[in-house]
Amino acid sequence: MSKTKKILRGSFVVILSLLLFFSSYSVNFFAKANEMKETTNDSSEEKNIVIIADDETSTEETVNTVVEENSDPEFEDIQDKVDNNELNVSVVSPENNQDLEKSNSIAADAAVVEGNKSYKDFLKAELEDGKRVFLYGDVQAEEYKEILDLDKLTVKENDGQLEFGLSEEELNEKAIENGKEFVDESADVSNDSEHSDDEVNEKGSLDAADSEFTSHVIGYTIDKSQELQFVDVSINNFDENGNSIPNTNEMVLQEVINTQSEIIDTENEINQEQNTTDSFTFITNNKVKAESVRVKNKYSLVEKGYRLGLLVARMDTDWHLYKQNSEKSKKYDYFTLKPVTQVTSYKGIWARSIYTDIDIPAASDQLDDWGPMGDRGTSSISLSLGYPFSVGISMNFGENLKIDDRSSLAYDYARWQLNDGATDLNRNISGKTFNPAAGWASTGTYARAGLTVVGKFDNYITLTTKSNVSYDYSKATY
């Protein structure tokens, strides 16, 4: 056979192989595309939420007002989803099980459930069956756990556990189990002889508790495939002078339905991203061991501020917890907590400041680094924490804002306040995101930090999120 014929035959084989490869890939691509379409559209259970109510008629009237007659532009998405059959809201009595079987989410008034054993047993069984259960009203995470007789509220990640709803006593017990001496956080600045009382008030902790009228929507599922396993929405209503006033039933139910709507949005976004990646990626990248492993969070903490029943302020708080892998210390593990907070204001109200407080409460744990460090006026930030923390911090405000650093290495806390202007000009920081970070050395296999975030708005409206970031990694493998 001539050399030319051999080359032609070899070329033909190569071309045929390539055609078969891309034909096979095309088949797989379109199969994936169809699968993506089916996955996106197949949400018959996830789009349904059932509200259990003793007074079915009254609750149904309130829900209809929220869904069909609500003129607040901030809740138009609820109406759109209902109109497009992307969200179904049902109100049933406890005896009606038909709608409950079709739903992936169930909501009930915490006050009603607390005094009714049959309610408790039913909702606990539904939770154990993988459904999402919301309790709303005068309830917090710790009380949610008690009402439904749950041992714990956990989100499992990287073979470790993020835990919510822990009482102060439970937190202390876990610390003691890990050989940690607990510190009285209230003494962190009051014992600092270097500061006067005025300086303590200026530079110390800015604390604000829930008002007696604050309501919560707490949602939880043990289904680890869900993106948002734990949800806590706080609802606060203010009068024209910024005084707390009672929430209406309509406001609370509105937030229950809106929370389900936002969960659907989150699930859809994740599914679309995943399906797009699966469809277009046919070359697998080798995974390498990163210098820091993010302990992912699968939760949402939201504060809502109403003025005379109309939504005017919102504060979303997320946080990223990282465990460093590059360190060589046998005594310590190194963690970085990076809270991410965004304030949003509506209807002419301006957002004025964000205060972030990270406290390291165990005496055996040590704050090592934080950022940004030092007071500054800036429109953008790009920096990294020092060794052994491999976490970067990047913020772009688009305008000059002032950051007041109130941190203390001696008392193991990192605190900042982002103000509405680095100059005398007042600015509305609505839509701005503030994401500082603090790194610390932790002993044992249980890491904990206290997190407080405060957003201040016009008309004396103040929203506060308080959370104990706790991570048990006694069985974690990296």
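A few comments on the model shown:
- Restricting LEU311, LEU367, LEU321 to those that are over 18 Å from THR445 (Cβ atoms), of a type in the set (A, V, I, L, M, F, W, C) and either at pLDDT below 95 or under 21 Å from the mean Cα position of the chain (by Cα) (or both) reduces the list to LEU311.
- Test: residue in segment 238-252 that is assigned to a helix (DSSP H, G or I), in contact (Cβ under 8 Å) with a residue 60 or more places away in the chain and not charged (D, E, K, R): yes
- For LYS330, the stated conditions hold: it is open to solvent by 20 Å² or more (accessible area, probe 1.4 Å) and at pLDDT 70 or above.
- Qualifying position, being within 16 Å of ARG352 (Cα to Cα) and small (Gly, Ala, Ser), among GLY450, GLY377: GLY377
- The set of residues in segment 335-347 being among the aromatic types (Phe, Trp, Tyr) and buried (at least 24 other Cβ atoms within 10 Å of the Cβ) consists of PHE335 alone.
- The single residue among PHE122, PHE134 that is among the aromatic types (Phe, Trp, Tyr), touching a residue at least 60 places away in the same chain (Cβ under 8 Å) and crowded, with 16+ Cβ neighbours inside 10 Å turns out to be PHE134.
- Qualifying position, being modelled with pLDDT under 75, among the charged types (D, E, K, R), more than 22 Å from the chain's Cα centre (by Cα) and surrounded by fewer than 18 Cβ atoms within 10 Å (Cβ to Cβ), among ASP197, ASP239: ASP197
- Among residues of segment 152-163 that are at pLDDT below 70, those with a Cβ under 7 angstrom from a residue that is among the aliphatic types (A, V, I, L, M), sequence gap 6+ or separate chain, pair up as GLU157/VAL295; ASN158/VAL293; ASN158/VAL295; ASN158/ALA476; ASP159/ALA476; GLY160/VAL295; GLY160/ALA476.
- With a requirement of 2 or more residues that are surrounded by fewer than 19 Cβ atoms within 10 Å (Cβ to Cβ) and either basic (Lys, Arg) or modelled with pLDDT under 90 (or both), none of the strands (runs of 3 or more DSSP E) lying completely within segment 38-115 satisfies it.
- Residues that are in contact (Cβ under 8 Å) with a residue 60 or more places away in the chain, outside any loop (DSSP other than H, G, I, E, B) and crowded, with 20+ Cβ neighbours inside 10 Å, drawn from segment 411-440: TYR413, ARG415, TRP416, GLN417, LEU418, PHE434, ALA437, ALA438, GLY439, TRP440
- Qualifying residue in segment 179-193 (condition: under 29 Å from ALA414 (Cα atoms), surrounded by 19 or more Cβ atoms within 10 Å (Cβ to Cβ), in contact with a strand residue (DSSP E or B) (Cβ under 9 Å, 6 or more places away or on another chain) and modelled with pLDDT of 70 or more): yes
The values are calculated or read from the model by the stated rules, or taken from the named source; none is laboratory data. Note that the structure is predicted; figures quoted are calculated from it, not measured. Don't worry about glycine lacking a Cβ; one is built from the backbone with ideal geometry, like all the others, and counts go over all protein chains shown. Ligands, DNA and RNA are excluded from the accessible area calculation, which covers all protein heavy atoms including side chains. Shrake-Rupley method; radii C 1.70, N 1.55, O 1.52, S 1.80 Å.
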